[in-house]
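Asker: Okay, here's the structure, questions in a sec.
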Amino acid sequence: MMTRPTKVASILTVTAMLISLSSSETPAACSVIQGLPGLNGRDGRDGTNGLKGDPGVRGEPGPQGERGSPGQPGKVGPKGNSGEKGNAGVGGLPGSKGQKGDNGVGLQGLPGQKGDKGNSDASLSPKITSLESRVAAIERMFTTFKNAVLFARGSSSGNKVFVTSGKTMNYMESNEMCTKAGGRVATPLNADENRAILQIAQYYNIFPFLGITDLQTEGTFRYENGESIKYSNWNLREPNQDGEEDCVEMYSSGKWNDKKCQEQRLNICEFF
Ligand code: GLC
Ligand code: CA
């Protein structure tokens, strides 16, 4: 592409050549030479804005939006009407035996009135079904609750549940704490219960006192209820009453040693 000054220069050169050529010709032969095309004109100025166009055609509906977040819970509804009267409840336990009365001579009483008609099987059946499902729900809740307790700091053997408060204390304090909680100091009655108690102790790496002492009769180890023990797991050469040792501690091996009740040991209680 030729730049504008170069293009102008070449046009001037050609024009000059043509003039000199025409001047060297003899004047007799007169002729007309056509001029060259002019330069390109400048760009025009911007025009005024055109008129506003007609509105466009309505578009297709868009895709469905995402689901909104749930609203706030509604207010509590009004109290319902009273239900129908329920069936008679189960009879209470028999009362305690009365005192012996004075001897006397009485007449035989009249026969009592005929009792009310009992419930038929047909009317009991839906109640039993409802009770069964409620009992099943309570059983499921109980299992979940038990798992929650055991998960935190407990263990079990059969129906017995062992739980630690995670605190160390002497035997009397441990006994008091367990009793207040509705249980007893952990008392293994067989090898599996011994294992379950040991499991908690090993987790904490602190070892417990068991619910066994010879405080009542020196040399006879008993449970808290006064019965002499039926299962034992003494370490070799124990119990040895080394000084004054009336309580029983569990070693990290699960074996037992008689030990001073004032020592600090892990509090583990048992329930059921
Ligand atoms: C420690 C204990 C005691 C135990 C003995 C065994 O002295 O305090 O109870 O019998 O060790 O070697
Ligand atoms: Ca000992």
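The values are calculated or read from the model by the stated rules, or taken from the named source; none is laboratory data. Keep in mind the model is a prediction, meaning the values are calculated, not measured. Glycine also receives a Cβ, built like all others from the backbone with ideal geometry; neighbour counts cover every protein chain displayed. With ligands, DNA and RNA removed, areas are computed over all heavy atoms of the protein, side chains included. Shrake-Rupley method; radii C 1.70, N 1.55, O 1.52, S 1.80 Å.
Asker: L210 fails exactly one of the following numbered conditions: (1) within 12 Å of ligand 2 (Cβ to nearest atom); (2) among the hydrophobic types (A, V, I, L, M, F, W, C); (3) closer than 20 Å to M177 by Cβ. What is the number of that condition?
Answerer: (1)
Asker: What's the number of the condition S165 fails, among (1) part of a strand (DSSP E or B); (2) touching a Pro at 6+ places or on another chain (Cβ under 9 Å); (3) not aromatic (F, W, Y)?
Answerer: For S165, the failing item is (2).
Asker: Of all residues in region 196-207, how many are open to solvent by less than 60 Å² (accessible area, probe 1.4 Å) and away from ligand 1 (no atom under 15 Å from the Cβ)? Step through it out loud before you land on a result.
Answerer: Step one: filter region 196-207 for residues open to solvent by less than 60 Å² (accessible area, probe 1.4 Å), giving 196-198, 200-201, 206-207.
With away from ligand 1 (no atom under 15 Å from the Cβ) added as a condition, the list becomes 196-198, 200-201, 206.
Looking only at that region, the number is 6.
Asker: Answer yes or no as to whether K117 is of a type in the set (D, E, K, R), surrounded by fewer than 10 Cβ atoms within 10 Å (Cβ to Cβ), over 28 Å from the mean Cα position of the chain (by Cα) and modelled with pLDDT of 95 or more. Let's see the steps before the verdict.
Answerer: Working: of a type in the set (D, E, K, R): yes; surrounded by fewer than 10 Cβ atoms within 10 Å (Cβ to Cβ): yes; over 28 Å from the mean Cα position of the chain (by Cα): yes; modelled with pLDDT of 95 or more: no.
For K117, the condition - of a type in the set (D, E, K, R), surrounded by fewer than 10 Cβ atoms within 10 Å (Cβ to Cβ), over 28 Å from the mean Cα position of the chain (by Cα) and modelled with pLDDT of 95 or more - is not met.
Asker: Go through region 214-272 and give me each residue that's more than 10 Å from ligand 1 (Cβ to nearest atom), in contact (Cβ under 8 Å) with a residue 60 or more places away in the chain and not hydrophobic (A, V, I, L, M, F, W, C).
Answerer: Of everything in region 214-272, those that are more than 10 Å from ligand 1 (Cβ to nearest atom), in contact (Cβ under 8 Å) with a residue 60 or more places away in the chain and not hydrophobic (A, V, I, L, M, F, W, C) turn out to be G254, Q262, Q264, R265, N267, E270.
Asker: Another question about this same structure. Of the conditions (1) open to solvent by less than 70 Å² (accessible area, probe 1.4 Å); (2) more than 16 Å from ligand 2 (Cβ to nearest atom), Q216 satisfies every one except a single condition; which number is it?
Answerer: Only one criterion in (1) open to solvent by less than 70 Å² (accessible area, probe 1.4 Å); (2) more than 16 Å from ligand 2 (Cβ to nearest atom) is unmet by Q216, namely (1).
Asker: Looking at region 219-272, which of its residues are away from ligand 2 (no atom under 16 Å from the Cβ), exposed (fewer than 14 other Cβ atoms within 10 Å of the Cβ) and hydroxyl-bearing (S, T, Y)?
Answerer: Once the filter is applied, which keeps residues that are away from ligand 2 (no atom under 16 Å from the Cβ), exposed (fewer than 14 other Cβ atoms within 10 Å of the Cβ) and hydroxyl-bearing (S, T, Y), region 219-272 yields S228, Y231.
Asker: While we're on this one: Pick out the one residue from E173, E193 that is out of contact with any helix residue (DSSP H, G or I) (no Cβ under 8 Å at 6 or more places or on another chain), open to solvent by 70 Å² or more (accessible area, probe 1.4 Å), more than 15 Å from ligand 1 (Cβ to nearest atom) and among the acidic types (D, E).
Answerer: On inspection, the qualifying residue turns out to be E173.
Asker: Any idea which of (1) surrounded by fewer than 16 Cβ atoms within 10 Å (Cβ to Cβ); (2) closer than 14 Å to F207 by Cα; (3) touching a helix residue (DSSP H, G or I) at 6+ places or on another chain (Cβ under 9 Å) is the one G158 doesn't satisfy?
Answerer: (2)
Asker: Further question: Does R184 fit the bill of being open to solvent by 20 Å² or more (accessible area, probe 1.4 Å), more than 16 Å from ligand 2 (Cβ to nearest atom) and basic (K, R)? Before you say what the answer is, go through the steps one by one.
Answerer: Details: open to solvent by 20 Å² or more (accessible area, probe 1.4 Å): yes; more than 16 Å from ligand 2 (Cβ to nearest atom): yes; basic (K, R): yes.
For R184, the condition - open to solvent by 20 Å² or more (accessible area, probe 1.4 Å), more than 16 Å from ligand 2 (Cβ to nearest atom) and basic (K, R) - is met.
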